[in-house]
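**Q** My structure is below; once you've seen it, I'll send some questions.
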Amino acid sequence: MKSLGRITRFLAAGALALATLCLVNPAFAADRLTLKDGRVLEGEIVRELDGVIWFKSGGATIMYTPSEYTKLERDTGAGEKKEDPASTQPAVKPAERTEEAKPRIGDRNKRAAVITFGDEENGNMVGIYCTADVLRQAIPLLEQENVGIVVIRFKSGGGALLELQKISDVIHNEFKPKFRVAAWIDSAISAAAMSAHCIEEIYFTPQGNYGGCTAFYGASLVAMKGRELEELLFAMEKISARGLYDPKIMRAMQISADEAGFSALGVSPPTGALSADIDPDTGKVTWYQDATTGKHVLNPSGGVNILTFDSVTAAKFKFSRGTAANLEQLARAMGLTEVEWVGKQDRRFIWPVSKAEEMTLKFRQQTKIDEANFRRYVANLNEAIGRARAEQDPSNRGKFIGKAREALNMIRNMVRNNPNFIFFNWGTQEEYDRWLEEVERVIRDSGRR
């Protein structure tokens, strides 16, 4: 329970920090966006990145790619409209492009890279194989290759809550200001779905699945309840706001729609029930935290009381922006008429392996080796120290001292590659540092006998 307390305190602190992001709302907005279907929206430009616009109108914020709108008029503050010159140019079909109209080699707005969040071969547990630290290390490598569009492909069955807020912070605060970020969901369950939930632009593979975000702790997988669960629910409301998703969706993924199952959790209403209406004219989806108001009931469904999206339901209810089995389909769904996928071809993948992706793969490969061999590292360390202490001949003792230091260095390298091993094996950085200091002392003393 001590480690659980650490996790929930961190989540609460993260949620408090997130809350400050949602306090500022403009009192007036009069920007105008003309869509290719002829509709004209009035509202406010919330965010822009490389021609992609997040436009707030009618209380909802929706992302539009350059292929979806023809004109953008900005309010000047004096009741006048200023047209964005780039948005008033007629769309040019790919076949009609002249040589001058083609993107420059190395144009970052057309350069995209796929980085993976877990894989079947090496590992996919959040907190061990999928970490905030390795995502942060990917940023300078993406910049080296002049990448402007980052697709994070999710293949993870969940993991540790300790990493959730950290991952969300890196994606939201460090990736989004630098890149257009999209999630490509092959499988994102529990903590993996919660990690992806801050990304506004989500696509699925045909077999993609997303949700089932129930929280457990301990070796016996006891369901999280009470205050700790309440704090986690609150944290995910704030992360939902980062991704511009209705918080009712994630709540339905976290807690039961069944009244009896919900009551046992010891948290405030409502339950995780979820229904929705789809406007037949605009396609707008309206969500309800019950199973009676909306025409479409998503939770409970088919005897299951925790929401999970597949690619069909995700697209139907506008949670995903499309379904793609390969890069060509993904580029089309993203509105990328011209794109250069960065990296080297690799027979194992349907996307090129960029420098950032190569780094994440090596990270997971080494993590898998270290996780499998950690007990052996410790056993070798203890055996070498024991033999050094028992050895009467000083000339032979040095050999075992060398083996002890070699085993200790394996542990140091393990932690250097993946600092989260500290949490799972020692608890805190302070406890790990004390352990190192004690082992170093024992090795020195063993060599002095």
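Values quoted throughout were computed directly from the atomic coordinates according to the rules given, and no laboratory measurement underlies them. Quantities reported herein were computed from a predicted structural model and do not represent experimental measurements. Quick reminder, even Gly has a Cβ in these numbers, built from the backbone with ideal geometry, and neighbours come from all protein chains shown.
**Q** Could you calculate the FRET efficiency of R416 with E438 from 1/(1 + (r/R0)^6), where r is the beta carbon distance between them and R0 is 25 Å, rounded to 0.05?
**A** Calculated value: 0.80.
**Q** Pull up all non-local amide H partners of V46: gap of 5 or more, or a different chain, and H-to-H distance under 5 Å with H placed in the peptide plane.
**A** Those lying under 5 Å, H to H, from V46 are W54, F55, K56.
**Q** Per residue of the range 146-151, in order, report the coupling 6.51 cos²θ - 1.76 cosθ + 1.60 (Karplus, θ = phi - 60°) as ³J(HN,Hα) in whole Hz, putting x for Gly and Pro.
**A** 6, 7, x, 10, 10, 9
**Q** Same structure again: Please state the charge dipole magnitude for the range 116-258, taken about the Cα centre, from unit charges on C-beta atoms (+1 on K and R, -1 on D and E), reported in debye and rounded to the nearest 20.
**A** Rounded to the nearest 20 debye, it is 260 debye.
**Q** Using a 7 Å offset from the Cα along the Cα-to-Cβ direction at both H296 and D277, what is the distance between the two label points in nm, to one decimal?
**A** 1.4 nm
**Q** Compare the Cα positions of Y432, G386, N420 along the charge dipole of the range 373-438 (+1 at Cβ of Lys, Arg; -1 at Cβ of Asp, Glu; about the Cα centre) and return the one farthest towards the positive end.
**A** Positive-end residue among those listed: G386.
**Q** Another one. Mind jotting down the distance between the C-alpha centroids of the range 404-449 and the range 178-208, whole Å?
**A** Centre-to-centre distance over Cα atoms comes out at 36 Å.
**Q** Also: Quick query: amide H of L298 versus all other amide H atoms, modeled in the peptide plane; which residues come in under 5 Å with a sequence gap of 5 or more or a different chain?
**A** Under 5 Å from the amide H of L298: L274, S275, A276.
**Q** To check you understand DSSP bridge types, tell me what percent of the beta bridges within the range 108-353 (both residues inside) are antiparallel, rounded to 5.
**A** Details: 15 of 40 bridges.
Close to 40 percent.
**Q** Still on this structure, please answer the following. In the structure shown, do any of K56/K284; K56/K178; K110/K166 have a Cα-Cα gap over 24 Å, and if so which?
**A** Long pairs (Cα-Cα over 24 Å): K110/K166.
**Q** With +1 on each Lys and Arg Cβ and -1 on each Asp and Glu Cβ, and nothing else charged, work out how big the dipole of the range 173-242 is about its Cα centre, in Debye to the nearest 20.
**A** On the way: 7 positive and 8 negative charges, 26 e Å.
Dipole of the range 173-242, to the nearest 20 debye: 120 debye.
**Q** Quick one: what are the phi-derived ³J(HN,Hα) couplings along the range 207-213, Karplus 6.51/-1.76/1.60 with θ = phi - 60°, whole Hz, x for glycine and proline?
**A** Running phi through 6.51 cos²θ - 1.76 cosθ + 1.60 with θ = phi - 60° gives 9, x, 9, 8, x, x, 8 Hz.
**Q** What FRET efficiency comes out for the pair R376/S268, r = Cβ-Cβ distance, R0 = 45 Å, nearest 0.05?
**A** 0.40
**Q** Below 8 Å between Cα atoms, with a sequence gap of 6+, how large is the relative contact order for the range 362-447 in percent?
**A** Rounded, it is 34 percent for the range 362-447.
**Q** How big is the dipole moment of the range 219-320 about its Cα centre under a simple scheme where the beta carbon of each Lys and Arg is +1, that of each Asp and Glu is -1, and everything else is neutral? Debye, nearest 20, please.
**A** For the range 219-320, the charge dipole is close to 200 debye.
**Q** Per residue of the range 130-142, in order, report the coupling 6.51 cos²θ - 1.76 cosθ + 1.60 (Karplus, θ = phi - 60°) as ³J(HN,Hα) in whole Hz, putting x for Gly and Pro.
**A** 10, 9, 5, 4, 6, 4, 5, 5, 6, 4, x, 5, 5
**Q** Can you list residues from other chains, or at least 5 along the same chain, whose modelled amide H is less than 5 Å from the amide H of Y203?
**A** Close amide H contacts, sequence-distant or interchain: A183, W184, I185, R321.
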